[in-house]
2 protein chains.
Amino acid sequence: MSVLSSKILNGDVRGIARAISIMENKTNRTGVSEAEELMKEIYPHTGNAWIIGITGSPGSGKSTLTDKLIEQFRTEGKKVGVIAVDPSSPFSGGAILADRIRMQRHSDDPEVYIRSLGARGALGGVSNGTRETSLILDASGKDIIIIETVGVGQSEIDIMRIADTVCVVLVPGLGDEIQIMKAGIMEIADVFVVNKADRDGADKVARETRAMLDLLKNKDWIPPVVLTIAEDGSGLPELVSKIDSHKKFMHDTEAGIERIERRLNSEVENLLLSRLVVRAWQLWGENKSNRIKDMLELKTNPYAIVDEIIKNI
Amino acid sequence: MSVLSSKILNGDVRGIARAISIMENKTNRTGVSEAEELMKEIYPHTGNAWIIGITGSPGSGKSTLTDKLIEQFRTEGKKVGVIAVDPSSPFSGGAILADRIRMQRHSDDPEVYIRSLGARGALGGVSNGTRETSLILDASGKDIIIIETVGVGQSEIDIMRIADTVCVVLVPGLGDEIQIMKAGIMEIADVFVVNKADRDGADKVARETRAMLDLLKNKDWIPPVVLTIAEDGSGLPELVSKIDSHKKFMHDTEAGIERIERRLNSEVENLLLSRLVVRAWQLWGENKSNRIKDMLELKTNPYAIVDEIIKNI
């Protein structure tokens, strides 16, 4: 076992930070083998942590909710890791980072580890970097890992592949039907949180969400809808209790175990894909600029080029 | 040349429909080689059509706008193909299809071809099926191809890779800052359309979008902001004229040609990736259920399995 792996298993903060940086670089297509060696070493030491995904529109109060969840789990004596996935746009970064400053009050607590990850990765980038960071935190002895991600783009679907329990945060007055109707949102939520529940329309959002859930036939797990006011902590104990119920469902029922199997399946698929991407990029990179020039001059086309590359693998 | 390729080049509607179905099946991981042979044959006959992407939130009026764009281009005597990409959620399908019914009034016009594509494809699925359909329509002699896609998930980023001119449709009263701030939206738009411009707040959306655009430094192309009322056709001639300006930019400037090169690059990358994915899925599928069982029993892990598969490619 490498020195770095040992450090992770001992919960060494600098070791954890260094390992996560290696993973981040990996998604930028460098340092692949170092990252892989590390993952192979630590993977057998994972499986203890429960991974909670928090996703929702910008402005739904995810960071405050995460902050209060950390507090709640700490009172239960649990060790907590947080991965905050930043969206890629340079325009939204600022506001979201400001929201997250509050969370930093936990950074003096040695049993809380908070890390922001950029979401700028290429194909499969977000999901791999995040998944690997969660494995590092798991191996380092955290009991709970919270992944907070803005509900835009691919990150929503990725979080379902990584998190054990996905909480989708809704909020009154943000174009509610659109939030709920958004492609796939019903499929990814294990728990719905209607946050800012002191605002007008909160009951309506909760009611409409429940009505939508009634349309789901043959569901083994009906996602509960929890009303919270993250600002003052209202509803947080109930949220934690619903997350616990979902954990029991996943461990104790056949349907839950099937879901775990599906996630293992997609973990292999994603990993396989990211390895293939690296290989494909290498092969294409070798003679790229000449080939692009030939395509512009219509001497060749992408299909012919790909045929040639595949033959050389 | 195959009989099917000849039919496509002659603009035969049934041949086109059949070819697109082959591409759709391809994204479901079957029939790969038939699809590839066809693409290799028709690719050299493409490059005439200008591909316009229309993306935006549900309810922004994309379908009505597309309908009016078809009308506009038809008065100029241009042949038009439309690809309507449906989002995957079973909850939103109905409403969106209803919106699109109006568009079908053009289906009696032999120079207009409209096709809906499902977006249920797996990794890389949306972008490949759509790209290939656009190539088929291009080869069949269409002058303009409009790709309409809901601005959720990966489809937004995919459209940038496929369309020559991307129009992002905004609308007053849909949580405007969020629409504009959404990760990456500034990067993908070539033209901003503020639709339903007779509604309160349209000027505000336009102003804020322009203000946001002012923040872009060193841009070779500053996306224009066009106000439209798709319902009655207001602003449509200006929209078409801005699309034309963008086309000129792409053809006549070094910056435009660089963008075309980048798109050729990502076309090769995507194609290469989808070919590798097919092979990897085959290898993983062979002994999948036993391997998942072993993972559940902690006898192995995804990293070890992927290593093994990669060795066998």
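The values are calculated or read from the model by the stated rules, or taken from the named source; none is laboratory data. Computed from a prediction, not measured in an experiment: that's the story for all the values here. Backbone-built Cβ (ideal geometry, glycine too); neighbour counts: all protein chains shown.
Within the range B:103-118, work out how many residues are part of a helix (DSSP H, G or I) and either surrounded by fewer than 18 Cβ atoms within 10 Å (Cβ to Cβ) or not assigned by TED's automatic domain parsing to the domain that holds B:G233 (or both).
Count: 4.
Give the range A:75-91 a look and list any residue that's assigned to a strand (DSSP E or B) and either modelled with pLDDT of 90 or more or buried (at least 21 other Cβ atoms within 10 Å of the Cβ) (or both), or say none.
Within the range A:75-91, A:V80, A:G81, A:V82, A:I83, A:A84, A:V85 qualify.
Would you mention how many residues in the range B:211-237 are under 11 Å from B:V191 (Cβ atoms) and surrounded by 14 or more Cβ atoms within 10 Å (Cβ to Cβ)?
Of the residues in that region, 6 qualify.
Search the range A:59-76 for residues that are at positive phi and pair each with any residue that is among the hydrophobic types (A, V, I, L, M, F, W, C) and crowded, with 22+ Cβ neighbours inside 10 Å when their beta-carbon atoms are under 6 Å apart and the residues are at least 6 apart or on different chains.
So the pair list comes out as A:G61/A:A230.
Does B:I188 count as within 12 Å of chain A (Cβ to nearest Cβ) and modelled with pLDDT of 75 or more?
Taking the combined requirement at face value, the residue satisfies it.
Being aliphatic (A, V, I, L, M), assigned by TED's automatic domain parsing to the domain that holds B:G56 and at pLDDT below 70: is that true of B:I180 here?
Answer is yes for this residue.
Tell me whether the range A:140-155 contains one or more residues that are closer than 23 Å to A:L276 by Cβ, modelled with pLDDT under 85, part of a loop (DSSP other than H, G, I, E, B) and within 14 Å of chain B (Cβ to nearest Cβ).
For the range A:140-155, residues closer than 23 Å to A:L276 by Cβ, modelled with pLDDT under 85, part of a loop (DSSP other than H, G, I, E, B) and within 14 Å of chain B (Cβ to nearest Cβ): present.
If we scan the range A:96-107, do we find a residue that is among the hydroxyl-bearing types (S, T, Y) and either modelled with pLDDT of 90 or more or under 29 Å from B:N270 (Cα atoms) (or both)?
Within the range A:96-107 (the criterion being among the hydroxyl-bearing types (S, T, Y) and either modelled with pLDDT of 90 or more or under 29 Å from B:N270 (Cα atoms) (or both)), the answer is no, since none of the residues qualifies.
Within the range A:200-208, is even one residue of a type outside the set (V, I, T), farther than 12 Å from A:L170 by Cα and either buried (at least 16 other Cβ atoms within 10 Å of the Cβ) or not assigned by TED's automatic domain parsing to the domain that holds A:V169 (or both)?
Within the range A:200-208, none of the residues are of a type outside the set (V, I, T), farther than 12 Å from A:L170 by Cα and either buried (at least 16 other Cβ atoms within 10 Å of the Cβ) or not assigned by TED's automatic domain parsing to the domain that holds A:V169 (or both).
Which condition from (1) within 14 Å of another protein chain (Cβ to nearest Cβ); (2) in contact with a helix residue (DSSP H, G or I) (Cβ under 6 Å, 6 or more places away or on another chain); (3) not aliphatic (A, V, I, L, M) is the one that A:G233 breaks?
Tallying (1) within 14 Å of another protein chain (Cβ to nearest Cβ); (2) in contact with a helix residue (DSSP H, G or I) (Cβ under 6 Å, 6 or more places away or on another chain); (3) not aliphatic (A, V, I, L, M), A:G233 fails exactly one: (1).
Where residues in the range B:293-303 are assigned to a helix (DSSP H, G or I) and over 37 Å from the mean Cα position of the chain (by Cα), which of them is surrounded by the most Cβ atoms within 10 Å (Cβ to Cβ)?
Taking the candidates together, the pick is B:M295.
Condition first: more than 14 Å from every other protein chain (Cβ to nearest Cβ), part of a helix (DSSP H, G or I) and either within 30 Å of B:E297 (Cβ to Cβ) or of a type in the set (D, E) (or both). Now tell me which residues in the range A:45-74 satisfy that.
A:D67, A:E71, A:F73
With respect to A:I42, is the statement that it is under 17 Å from the mean Cα position of the chain (by Cα), part of a helix (DSSP H, G or I) and of a type in the set (A, V, I, L, M) true?
no
Do we find that B:N290 is over 31 Å from the mean Cα position of the chain (by Cα) and either in the same structural domain as B:R131 (by TED's automatic domain parsing) or surrounded by fewer than 13 Cβ atoms within 10 Å (Cβ to Cβ) (or both) in this structure?
Yes: the conditions hold for B:N290.
Output the number of residues of the range B:254-287 satisfying the condition of being under 24 Å from B:S33 (Cα atoms) and either at the interface with chain A (Cβ under 7 Å from one of its Cβ atoms) or among the aromatic types (F, W, Y) (or both).
14
Say we look at the range A:193-209 and pick out the residues that are in contact (Cβ under 8 Å) with a residue 60 or more places away in the chain and in contact with a Leu (Cβ under 8 Å, 6 or more places away or on another chain); which of these is farthest from A:G53 (Cα to Cα)?
A:N195
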